[in-house]
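Chemist: One structure is given below, represented as structure tokens, and several questions about it will come after.
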Amino acid sequence: ESYPSSYLGLWSELLGTLKVTLEGRFATLEVAPDLLARHGADRDALEEVVGYPRGIQGVEVAALLRYRDDGRARASLRSTGRVNVAQVARNFGGGGHFGAAGCDFEPGVDLAQARTLIESILARELGA
């Protein structure tokens with residue numbers, strides 16, 4: 001597999017935003033609004049990166065949090081198999097499949113608030 005070298009700096013910076021909560025079972029990455037532009041990359045650079053934190057031992061759900069072009073927060077969710085992330089996303093008007101889903105948040109919700117909202121749903125799902 002091949003990718004532009006500009007992706008390396010982007011991925012390094014993105015992995016620096018890693019937060020693991022809910023007793024090690026929920027991991028998030030946050031995409032700064034100017035991250036792609038600063039690294040000369042497009043959204044394709046983010047396609048696989050949500051899977052990286054999912055590979056951390058004990059993590060059951062991973063989320064990539066970013067802003068859409070219209071400024072609304074968006075979450076891409078991935079599960080390791082126990083949690084149906086499509087159900088989690090439906091709480092916010094989103095959807096998807098058991099292991100991969102996404103949702104957009106109401107205008108004014110920032111990435112930290114989006115993480116907290118997802119955590120509240122997952123805390124019930126995981127019994128954390």
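The values are calculated or read from the model by the stated rules, or taken from the named source; none is laboratory data. Quick caveat, the model's predicted, so the values are computed rather than measured. Reconstructed Cβ throughout: ideal geometry from the backbone, glycine too, with neighbour counts over all protein chains shown. Side chains included, ligands, DNA and RNA excluded: accessible areas come from the protein's heavy atoms. Shrake-Rupley method; radii C 1.70, N 1.55, O 1.52, S 1.80 Å.
Chemist: In the stretch 23-45, which residues are surrounded by fewer than 18 Cβ atoms within 10 Å (Cβ to Cβ), in a helix (DSSP H, G or I) and of a type in the set (Gly, Ala, Ser)? Steps first, answer last, please.
Modeler: First, the residues of the stretch 23-45 that are surrounded by fewer than 18 Cβ atoms within 10 Å (Cβ to Cβ): 23-24, 32-34, 37-38, 40, 42-44.
From what is left, the residues that are in a helix (DSSP H, G or I) are 37-38, 43-44.
Result: ALA37, single match.
Chemist: For the structure I just gave you, tell me whether LEU29 is touching a residue at least 12 places away in the same chain (Cβ under 8 Å) and in contact with a Ser or Thr (Cβ under 6 Å, 6 or more places away or on another chain).
Modeler: On the way: touching a residue at least 12 places away in the same chain (Cβ under 8 Å): yes; in contact with a Ser or Thr (Cβ under 6 Å, 6 or more places away or on another chain): yes.
Taking the combined requirement at face value, the residue satisfies it.
Chemist: Continuing with the same structure: State all residues of the stretch 73-91 that are farther than 21 Å from LYS19 by Cα and either assigned to a loop (DSSP other than H, G, I, E, B) or in contact (Cβ under 8 Å) with a residue 60 or more places away in the chain (or both); if no residue qualifies, say none.
Modeler: Just the residues of the stretch 73-91 that are farther than 21 Å from LYS19 by Cα, to begin with: 86-87, 90-91.
Listed by number, the list holds a single entry, ASN91.
Chemist: So which residues in the stretch 4-26 are touching a residue at least 12 places away in the same chain (Cβ under 8 Å), more than 11 Å from LEU64 (Cβ to Cβ) and hydroxyl-bearing (Ser, Thr, Tyr)?
Modeler: Within the stretch 4-26, SER6, TYR7, THR21 qualify.
Chemist: In addition: Please give the number of the condition GLY51 fails out of (1) in contact with a strand residue (DSSP E or B) (Cβ under 8 Å, 6 or more places away or on another chain); (2) small (Gly, Ala, Ser); (3) open to solvent by 30 Å² or more (accessible area, probe 1.4 Å).
Modeler: All conditions are met except number (3).
Chemist: Let me ask something additional. Checking GLY58 against (1) among the small types (Gly, Ala, Ser); (2) in contact with a strand residue (DSSP E or B) (Cβ under 7 Å, 6 or more places away or on another chain); (3) over 30 Å from SER5 (Cβ atoms), only one condition comes out false. Which one?
Modeler: (2)
Chemist: If you don't mind, another one. Would you be able to tell me the number of residues in the stretch 72-103 that are open to solvent by 40 Å² or more (accessible area, probe 1.4 Å) and over 10 Å from the mean Cα position of the chain (by Cα)? It would help to see each step written out before you state the result.
Modeler: Let us first name the residues in the stretch 72-103 that are open to solvent by 40 Å² or more (accessible area, probe 1.4 Å), namely 72, 74, 78, 80-82, 87, 90-93, 96-98.
Keeping just the survivors that are over 10 Å from the mean Cα position of the chain (by Cα) gives 72, 80-82, 87, 90-93, 96-98.
Count: 12.
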